[in-house]
Amino acid sequence: MAEFKALTSGVEINGETTYSIVDGMGVFRICALEILAKYGITKPKKGFWYSQQAWLDSFKEISAMLGPTTLFAIGKKIPANAIFPPSIDNIDKALQAIDVAYHMNHRLTGVVMFNPGTGKMLEGIGHYQYNKIGDNKVKMFCDNPYPCEFDRGIIEAMAQKFKSETSSSAVTVHDDSCPCRRKGGDSCTYHVTW
């Protein structure tokens with residue numbers, strides 16, 4: 001699956017998450033708002049829903065204009081803006097929660113794609129898969145339409161926020177031996193260590 005192309009038509013993303021582009025672009029906030037407006041997302045607001053494809057089109061333009069560093073910065077703002085499940089109190093729960101949060105912030109035909117009451121998750125947007133591979137190491141497999149560096153930013157922000165008190169840092173590295181969406185692959189793989 002290619003970057004910047006919605007997997008299912010009619011998917012929407014909430015305003016809380018959409019605002020991450022504005023928040024992540026810092027001093028370029030006005031530019032972010034102009035790009036979003038160009039694709040029909042005028043002044044993203046909490047509680048409103050916007051076309052996922054329009055948001056992806058905005059990402060594509062930002063990527064072309066400002067590159068991967070900006071996409072990474074936007075991704076790092078997702079945990080501060082998007083809706084996440086409660087009761088996250090450690091790095092493992094945080095990284096596992098990314099997929100649930102991803103689905104909680106998207107909806108299809110008016111239905112939010114994760115129902116916390118039933119635990120039911122709708123398909124159609126890909127996933128963030130968590131795999132523990134060591135005491136302080138996790139592999140994350142991402143098969144969604146978002147940019148590679150954006151995903152790395154989300155993962156790193158969650159890992160940093162919830163790393164153990166005995167860890168000085170958490171680092172997220174793209175596995176270059178695996179396929180990469182930026183290079184036409186269907187997924188990206190990241191290793192998180194702390």
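The values are calculated or read from the model by the stated rules, or taken from the named source; none is laboratory data. Since the model is a prediction, treat every value here as computed from it, not as a measurement. Quick reminder, even Gly has a Cβ in these numbers, built from the backbone with ideal geometry, and neighbours come from all protein chains shown.
Within region 88-100, residues that are among the charged types (D, E, K, R) sit with their Cβ atoms under 8 Å from residues that are crowded, with 21+ Cβ neighbours inside 10 Å and at pLDDT 95 or above, at 6+ positions apart or across chains, in these pairs: Asp92/Val138; Asp99/Tyr128.
Per the conditions (1) surrounded by fewer than 16 Cβ atoms within 10 Å (Cβ to Cβ); (2) touching a residue at least 24 places away in the same chain (Cβ under 8 Å); (3) among the aliphatic types (A, V, I, L, M), the sole criterion not satisfied by Ala82 is (1). Can Leu56 be described as in contact with a Pro (Cβ under 8 Å, 6 or more places away or on another chain) and in a helix (DSSP H, G or I)? When the stated conditions are applied, Leu56 passes them. Within region 22-38, the residues that satisfy the criterion of being of a type outside the set (Gly, Ala, Ser), over 10 Å from Asn81 (Cα atoms) and in a helix (DSSP H, G or I) are Val22, Val27, Phe28, Arg29, Ile30, Cys31, Leu33, Glu34, Ile35, Leu36, Lys38. Looking at Ile74, is it farther than 18 Å from Arg182 by Cβ, modelled with pLDDT of 95 or more and surrounded by 18 or more Cβ atoms within 10 Å (Cβ to Cβ)? Spelling it out, it is not the case that Ile74 is farther than 18 Å from Arg182 by Cβ, modelled with pLDDT of 95 or more and surrounded by 18 or more Cβ atoms within 10 Å (Cβ to Cβ). Among the numbered conditions (1) surrounded by fewer than 14 Cβ atoms within 10 Å (Cβ to Cβ); (2) out of contact with any strand residue (DSSP E or B) (no Cβ under 9 Å at 6 or more places or on another chain), the only one that Gly40 does not meet is (2).
Looking at Val27, Val22, which one is surrounded by 17 or more Cβ atoms within 10 Å (Cβ to Cβ), over 23 Å from Cys142 (Cα atoms) and at pLDDT below 95?
The conditions single out Val22.
So that you can scan it fast, the table gives a plain yes or no per residue for (1) in contact with a Gly (Cβ under 8 Å, 6 or more places away or on another chain); (2) modelled with pLDDT of 95 or more:
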position: Phe114; (1), (2): no, yes
position: Thr118; (1), (2): no, yes
position: Glu149; (1), (2): yes, yes
position: Gly153; (1), (2): yes, yes
position: Ala159; (1), (2): no, yes
position: Ser167; (1), (2): no, no
position: Asp186; (1), (2): no, no
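Here is a yes/no grid of residues against (1) among the basic types (Lys, Arg); (2) free of Cβ contacts under 8 Å to residues at least 60 places away in the same chain:
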| position | (1), (2) |
| --- | --- |
| Asp23 | no, yes |
| Gln52 | no, no |
| Trp55 | no, yes |
| Pro68 | no, no |
| Lys77 | yes, no |
| His103 | no, yes |
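Restricted to region 130-194, the set of strands (runs of 3 or more DSSP E) holding at least 2 residues that are in contact with a Ser or Thr (Cβ under 6 Å, 6 or more places away or on another chain) and surrounded by fewer than 19 Cβ atoms within 10 Å (Cβ to Cβ) comprises 137-142.
Conditions tested, residue by residue: (1) more than 11 Å from the chain's Cα centre (by Cα); (2) on the phi < 0 side of the Ramachandran plot.
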residue	(1), (2)
Ile78	no, yes
Phe84	yes, yes
Ser87	yes, no
Ile98	no, yes
Val111	yes, yes
Asn115	yes, yes
Gly119	yes, no
Leu122	yes, yes
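For region 60-109, a tally of residues being closer than 22 Å to Lys38 by Cβ, among the small types (Gly, Ala, Ser) and assigned to a helix (DSSP H, G or I) returns 4.
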